[in-house]
1. Using only Cα atoms, locate the centre of the range 10-77 and the centre of the range 87-113, then give the distance between them in Å, rounded to an integer.
2. Rounded, prolate or oblate: which fits the range 68-108, taking a ≥ b ≥ c as square roots of the Cα gyration tensor eigenvalues, rounded meaning a/c under 1.5, else prolate when a/b beats b/c?
3. Just to verify a number: what accessible area does Leu85 come out at with the full protein assembly present, 1.4 Å probe, Å² rounded to tens?
4. Around Tyr34, which amide H atoms from residues at least 5 apart in sequence, or from another chain, sit under 5 Å from its own amide H, with H modelled in the peptide plane?
5. Sorted by packing (mean other beta-carbon atoms within 10 Å per residue), highest first, where do 111-124, 139-152, 13-26 land?
6. Using a basic spin-label model with each label point 7 Å from the Cα along Cα→Cβ, how many nm lie between Lys176 and Asp51?
7. How large is the helix-only mean residue ellipticity at 222 nm for the chain, computed as the sum of -39500 (n - 2.57) over DSSP H runs with n ≥ 4, divided by its residue count, in deg cm²/dmol to the nearest 500?
8. Taking a ≥ b ≥ c as the square roots of the Cα gyration tensor eigenvalues, with a/c under 1.5 meaning rounded and otherwise prolate when a/b beats b/c, else oblate, which class fits the range 36-142?
Amino acid sequence: MANLQTATFGGGCFWCIDAAFRRVNGVESVQSGYAGGHTDNPTYQMICRGDSGHAEVVQLQFDADIVSFDTLLNMFFTLHDPTQLNRQGNDIGTQYRSVVFYHDQQQQQQTQDCIAQLQSQLSEKIVTEVSPAPEFYPAEHYHQDYYTENPNQGYCSVMIAPKIAKFESHFAANLKH
């Protein structure tokens, strides 16, 4: 019987985070979407304009007997720069903020412990938001598994492919075969 739990992470454009976590053994599902704003049922256009206050996030269902939340946190913090406020590289705006939306007190504590440990290794301050999981709104269908569906699209080949290669090298033991 699977020990299914939920994790919700935002770290820049959700296409990259989505692509990486789909490769992880024990991650049963990945859904790109929006969370943390003030508008019900936001659209991608609202997100891009910054009208809704939501972050681009991925919500994972994972088997905690196969992959731990701590491992997922380590992966998440490898996939983006948690010291950049409201941006990741050239993607600028609150929709690209670094955020962990925790689903219980244990996830909250694990996230805070992970950030404290990581902060001791960095000279710049980690600005990752740690907040209770709000309503999650799935993104439009064409955003789901975007990298797999569009590997030759410019952003995918230039920005995502190198991150995925690094991720696969660093976390090879945790990936699906």
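The values are calculated or read from the model by the stated rules, or taken from the named source; none is laboratory data. All figures in this text were calculated on a predicted structure; none of them were measured in a lab. So basically every Cβ, Gly included, is an ideal-geometry build from the backbone, and we count neighbours across all protein chains shown. When the accessible area is computed, the model is the full protein with side chains, heavy atoms only, and any ligands, DNA or RNA have been set aside. Shrake-Rupley method; radii C 1.70, N 1.55, O 1.52, S 1.80 Å.
1. The range 10-77 and the range 87-113 have Cα centres spaced 10 Å from each other.
2. Working: a/c = 3.56, a/b = 1.78, b/c = 2.00.
Verdict is oblate for the range 68-108.
3. 110
4. The list, which skips near neighbours in sequence, is Val57, Tyr137, Ala139.
5. Working: 111-124: 13.1, 139-152: 14.7, 13-26: 22.6.
Top of the packing list down: 13-26, 139-152, 111-124.
6. 3.5
7. On the way: 6 runs with 54 residues, N = 177.
Estimated from H runs of four or more residues: -8500 deg cm²/dmol.
8. Values: a/c = 1.97, a/b = 1.30, b/c = 1.52.
Oblate shape, in that a/c is at least 1.5 and b/c is the bigger or equal ratio.
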